[in-house]
Amino acid sequence: MKTINVKAYAAQTAASALAPHGIVRREPGPMDVQIQIQYCGVCHSDLHFARNEWGFTQYPAVPGHEIVGRVTAVGSGVKKFKVGDTVGVGCLVDSCRTCPDCRSGLEQFCTGMVMTYGSMDKHLNAPTLGGYSQSIVVTEDFVLRMPTNLDLAAAAPLLCAGITTYSPLKHWKVGPGQKVGIVGLGGLGHMGVKFAKAFGAHVVLFTTSPGKVADGKRLGAHEVVISKDEAQMAAHANSFDFILDAVSATHDVNAYFNLLKRDGNLTLVGAPEKPLPVAAFPLIFRRRSFSGSLIGGLPETQEMLDFCGRHNITCDIEMIRMDQINTAYERMLKSDVKYRFVIDMASLT
Ligand code: NAP
Ligand code: ZN
Ligand code: ZN
């Protein structure tokens, strides 16, 4: 197969810093779109993956699944895109297309789904490599249209942080008259706050960082609770319809179950390295439920992007150069991101 040489940044081992690394992409086939990557968001999943915290990383590993850029070539059969279009690619680059999940537009649950990084690339017979790179080639059905009115760099994190929070809020029918909690003001959490506000709920942010109270309110939270303060937590007991937990590290979910009403739900989107202890009593009393959610399918991701275009919703970002990625990771680990790093891919020369 014909390939194209592309510059990228990769981790060579779980312990090594990310550094320049040459990779190959396939030449676009008939149904493929070739994209020059302009910006790529930095998700905490990139860090979990680069450091093999989930146990399935193959090296060299190129993270990055909040990709936006310009179409530079299309295959002969491509209908939806043309050269020059501004497009996005999120966490998925392919799936089986025929199973019940795929037919329902829930490709993220397809057992044959291909993640943007960390899956097997059937074209190259090698692990898929993500967006910390100059370009990518993706089958057109997994390419998204970016709203033209939004700042492109600030829209990049919608491709993961956006859809991962939009999808469970929609699934659990968050709306006016409901009290909704968002746990953790990071990349995902700050989008959870924006969407829950946009959907009309009463939004309460839970943070461990007293320095984020003012930002939490500016981003749309009606109330901000410092989660380490037991009195502040107790004041909200039995009062929430829904809580979205976007914390990247081990923490006490039971404390949040106690804040749910009867039949309330806590959905976890955070994916900590270690299991979270779950106590029976906070769940069985009041019939509360605990569930998870994974990104979103292609139709819902396009719906979310269009919603953001109509409502002028983007992410609050800090732009970095590619060579600043390792310090960005260290800041992310200290919960010091305001509120998503985005790499200016023009800096990868
Ligand atoms: P992030 O920007 O680093 O934000 C995580 C936030 O969690 C921090 O800002 C902090 O908020 C809070 N936090 C961190 N350590 C904590 C601790 N020890 N105890 C309590 N709170 C803590 O990360 P992200 O990119 O938003 O990702 C969050 C998690 O979601 C990651 O595990 C990521 O892998 C996962 N994820 C899942 C999906 C999915 O489909 N389910 C998709 C994308 C990402 P405060 O300072 O406000 O406390
Ligand atoms: Zn992500
Ligand atoms: Zn499928």
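The values are calculated or read from the model by the stated rules, or taken from the named source; none is laboratory data. Computed from a prediction, not measured in an experiment: that's the story for all the values here. Cβ: placed from backbone, ideal geometry, glycine included. Neighbour counts: every protein chain shown. We work out accessible area using only protein heavy atoms, side chains counted, and drop any ligands, DNA or RNA first. Shrake-Rupley method; radii C 1.70, N 1.55, O 1.52, S 1.80 Å.
Taken one residue at a time, the phi angles of region 14-27 give Karplus couplings (6.51, -1.76, 1.60, θ = phi - 60°) of 4, 9, 8, 5, 6, 8, x, 7, x, 10, 10, 10, 6, 5 Hz. Gly and Pro are set to x. Each Cα pair under 8 Å and six or more residues apart adds its sequence gap; the mean of these over the residue count of the chain is a relative contact order of 18 percent.
In order along region 92-104, phi translates into HN-Hα couplings of 10, 10, 5, 7, 6, 6, 10, 6, x, 5, 4, 5, 8 Hz, rounded to whole numbers, per the Karplus curve 6.51 cos²θ - 1.76 cosθ + 1.60 with θ = phi - 60° and x for Gly and Pro.
Amide H contacts of Thr3 (H built 1.01 Å from N, in plane; Pro and chain starts excluded): Glu27 sit under 5 Å, all sequence-distant by 5 or more or on other chains. Estimated from helices alone, the mean residue ellipticity of the chain at 222 nm is -6000 deg cm²/dmol (sum of -39500 (n - 2.57) over DSSP H runs with n ≥ 4, per residue).
How high is the FRET efficiency between Ala126 and Ala249 when r is their beta carbon distance and R₀ equals 41 Å, given to the nearest 0.05? It would help to have the intermediate numbers written out before the result.
Working: r = 31 Å, r/R0 = 0.77.
Once the sixth-power term is evaluated, E becomes 0.85.
Note on Thr3: accessible area is roughly 60 Å² with a 1.4 Å probe, heavy atoms of protein only. The Cα trace of the chain gives Rg and Dmax of 19.9, 63 Å, the first to one decimal, the second as a whole number. Taking a Cβ cut-off of under 15 Å around Asn5, the surrounding Lys, Arg, Asp and Glu residues balance to a net charge of +3, with basic ones at +1 and acidic ones at -1.
Given Cα pairs under 8 Å that are at least 6 residues apart, what percent is the relative contact order of region 162-292?
Numbers: 270 pairs, mean separation 28.1, N = 131.
That works out to 21 percent.
The heavy atoms of Cys40 present about 0 square angstrom of accessible area, all protein chains included, probe 1.4 Å.
Given Cα positions, please report Rg to Rh for region 143-289, the hydrodynamic radius being the Kirkwood one. Could the numbers behind the result be given before it?
Working: Rg = 15.1 Å, Rh = 15.6 Å.
Reported Rg/Rh (Cα atoms, Kirkwood Rh): 0.97.
Mind giving me the nanometre distance, one decimal, between the label points for Ser76 and Asp344, set 7 Å out from Cα along Cα→Cβ? Label-label distance for Ser76 and Asp344, simple model: 4.1 nm. The local environment of Phe49, defined by Cβ-Cβ distances under 15 Å, has a net charge of -3 under the rule Lys, Arg +1 and Asp, Glu -1. Per residue, region 227-349 exposes 48 Å² of accessible surface when a 1.4 Å probe is rolled over the protein heavy atoms with every protein chain present. Computed extension gain for Arg145 through Arg310, at 0.36 nm per residue and net of the alpha carbon distance, reaches 58.0 nm.
For trypsin sites (Lys or Arg not before Pro), the sites in region 43-148 that DSSP calls loop and that have at most 16 other Cβ atoms within 10 Å are Lys79, Lys80, Lys82, Arg97, Lys122.
In percent, what relative contact order does region 254-317 have, based on Cα pairs under 8 Å that are 6 or more apart in sequence?
On the way: 45 pairs, mean separation 22.0, N = 64.
The value is 34 percent.
At full extension, Ala237 and His222 could sit 3.7 nm farther apart than now, given 0.36 nm per residue minus the alpha carbon distance.
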